[in-house]
Amino acid sequence: SMPILLAVRRAEATRRWRCSGSSIARGHQVSRHARLTILFCGRDFPLSLHATRSRRPTWNLLASDRAGLEEEMASHAVDVVVPLMTRIDASLVATASRSGVKLIHQFGAGLEGVDKDAAERHGVAVRNIPAGESANAISSAEHAIYLLMSIMRNPRAMRASLEERLLGLPAGTTIHSKRALVVGFGGLGQEITRRLTCLGADVVAFRCGDWPAGDRAMVSGAGSFTVSGQAGLVEMARDRDILIVCCPLSANTLNLVDRSVLLALNPGAFVVNVARGGIVNRKELLELVRAKRLGGIGLDVFWKEPFIDDEGDQSGLKELEQLRQEGFNVELTPHVAGVTTESLQAMSSFFVKSIEQFFAADSS
């Protein structure tokens, strides 16, 4: 709606902004936690704050970039810190604890940026929104298919044909009859597999742990890092036309998709990443794009997030944009795979209830 769009534009135009719901709808019953103060970190994912405000208009919702977080905690009685894309390191955890913060709660599943050991030492609880408690997996799976279809149809070449007023070019390619490899088989990997299968692809998948019988039945081939390590992934990638990355980033998965995996794919294969940038080796991926060994790449995530203080192009965004300008088949989106109206509704509902349950238990 227009009010939300205007609010988002204001959020993007200012470095620090604050929303507090002082008005209470008629008939709204104020709970004992009606004035909780929630601090959202950074300027990215502004709709998380707006979705929360729509559910709890009496909460005091603040937002600040990384440089201002300590000041916000010192000047306000902050109850909950929401990391979003900001790294909550040991130093920031200590500051939060001294300031009286009781809870670090992610608006989503990802907690890799939170020093959980430091939080435990300082007595600050850490929570997230499990993937199964939101529409995030469905939203992200649809976005993965969107990116895949985009690069398989080469929108850049289509735009060039339109500019030349030329019909019937370029020729795209279909998902139907293709051989796909899905790396990661949690909720997201399963949703992606369902969609690829419906579109006529043969799907194999690689995950970190064991394969329950029900999951195994969804794919024509199943591999496990626990059993075979990266060598197993290389073997599974052999002669595949599509690679979709959707696993968590960890010590085991950092640079998991490297040159050996990518070269095992069929020439002209398509690669999509809707997980975390660091799972794919940047240098080796982009070298193979330049060499035209890959048919195209679609990325919703980057090697450094957020983009703030991106000195030296650590994120890879500038290099990727340069590749696009040079005519390579590269599609980029700003980490929006899980950002839909449906996922925001489900996540904000779980988020506010989880916080209220935590403080109800804390005060009992």
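The values are calculated or read from the model by the stated rules, or taken from the named source; none is laboratory data. No experiment lies behind these values; they were computed from the predicted model shown. Neighbour counts are summed over all protein chains in view; Cβ atoms, including those assigned to glycine, are modelled from backbone coordinates with ideal geometry. Heads up: the accessible areas ignore ligands, DNA and RNA and are worked out on the full protein's heavy atoms, side chains in. Shrake-Rupley method; radii C 1.70, N 1.55, O 1.52, S 1.80 Å.
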**LEU263-ARG159 pseudo-label distance in nm [points 7 Å out on the Cα-to-Cβ vector]** = 3.3 nm
**Item:** Residue among ALA90, ALA337, ALA291 with the largest mean-square fluctuation in a Gaussian network model of the chain, springs linking Cα atoms under 10 Å
**Value:** ALA291
**Message:** I'd like the Karplus ³J(HN,Hα) series for the stretch 175-192: coefficients 6.51, -1.76, 1.60, θ = phi - 60°, whole numbers in Hz, and an x wherever there's a Gly or Pro.
**Reply:** 6, 3, 6, 7, 9, 10, 10, 9, 9, x, 9, x, x, 5, x, 5, 5, 5
**Item:** Structure-based [θ]222 nm, the chain - -39500 (n - 2.57) summed over DSSP H runs of at least 4, per residue, nearest 500
**Value:** -12000 deg cm²/dmol
**Message:** Could you give each residue of the stretch 127-134 its phi-based ³J(HN,Hα) in whole Hz, using Karplus coefficients 6.51, -1.76, 1.60 with θ = phi - 60°, and x for Gly or Pro?
**Reply:** 9, 9, 10, x, 4, x, 9, 9
**R0 of 41 Å, Cβ-Cβ distance THR341-ARG238: FRET efficiency to nearest 0.05** = 0.55
**Complete:** In debye to the nearest 20, the charge dipole size for the stretch 296-361, taken about the Cα centre with +1 at each Lys and Arg Cβ and -1 at each Asp and Glu Cβ, equals 320 debye
**Prompt:** So, with +1 on the Cβ of K and R and -1 on the Cβ of D and E, and no other charges, what is the size of the charge dipole of the chain about its Cα centre, to the nearest 20 debye?
**Reply:** 740 debye
**Cα-only Debye scattering, the stretch 136-332: base-10 log of I(q)/I(0) at q = 0.08, 0.14 Å⁻¹** = -0.25, -0.77
**Message:** Quick check for me: using +1 on Lys/Arg Cβ and -1 on Asp/Glu Cβ, what's the dipole size of the stretch 136-332 about its Cα centre, in debye to the nearest 20?
**Reply:** 540 debye
**Candidate residues LYS318, LYS116: accessible-area rank, largest first, probe 1.4 Å** = LYS318, LYS116
**Request:** Could you list the GluC sites (Glu not before Pro) in the stretch 288-364 that lie in coil according to DSSP, counting only those with at most 12 other Cβ atoms within 10 Å of their Cβ?
**Result:** GLU326
**Message:** Among ILE244, ILE104, ILE308, which one shows the highest mean-square fluctuation when the chain is modelled as a Gaussian network with alpha-carbon springs under 10 Å?
**Reply:** ILE308
**Item:** Cut-off under 5 Å, modelled amide H: who pairs with ARG240 long-range
**Value:** ASN266
**Prompt:** Among ARG165, ARG43, ARG324, which one moves the most in a GNM of the chain with springs linking Cα atoms closer than 10 Å?
**Reply:** ARG165
**Message:** How big is the stretch 95-159 along each principal axis, measuring the range of its Cα positions in Å and listing the largest first?
**Reply:** 57, 24, 17
**Fill in**
Any chymotrypsin sites (Phe, Trp or Tyr not before Pro) in the stretch 261-353 that lie in a DSSP loop and have at most 13 other Cβ atoms within 10 Å would be none
**Prompt:** Assuming R0 = 51 Å, what is the FRET efficiency of SER177 and ILE308, from their Cβ-Cβ distance, to the nearest 0.05?
**Reply:** 0.75
**Complete:** With DSSP loop assignment and no more than 11 other C-beta atoms within 10 Å, the GluC sites (Glu not before Pro) in the stretch 123-226 are GLU164
**Request:** Among THR86, VAL272, TRP59, flag the residue with its Cα farthest along the positive direction of the charge dipole of the chain, charges on Cβ as +1 for Lys/Arg and -1 for Asp/Glu.
**Result:** TRP59
**Request:** Relative to the compact-globule scaling 2.2 N^0.38 Å, provide the ratio for the alpha-carbon radius of gyration of the chain.
**Result:** 1.07
**Message:** Please compute the modelled spin-label separation between GLU133 and ARG87, points set 7 Å along Cα→Cβ, answer in nm with one decimal.
**Reply:** 2.7 nm
**Complete:** Note, the stretch 278-283: 3J(HN,Hα) by Karplus (6.51, -1.76, 1.60, θ = phi - 60°), whole Hz, Gly/Pro = x, goes x, 6, 9, 5, 4, 4
**Message:** Past 31 Å, Cα to Cα: identify those pairs from LYS178/LYS353; LYS102/LYS318; LYS283/LYS353; LYS116/LYS353; LYS318/LYS353, in the order given.
**Reply:** LYS178/LYS353; LYS102/LYS318; LYS283/LYS353; LYS318/LYS353
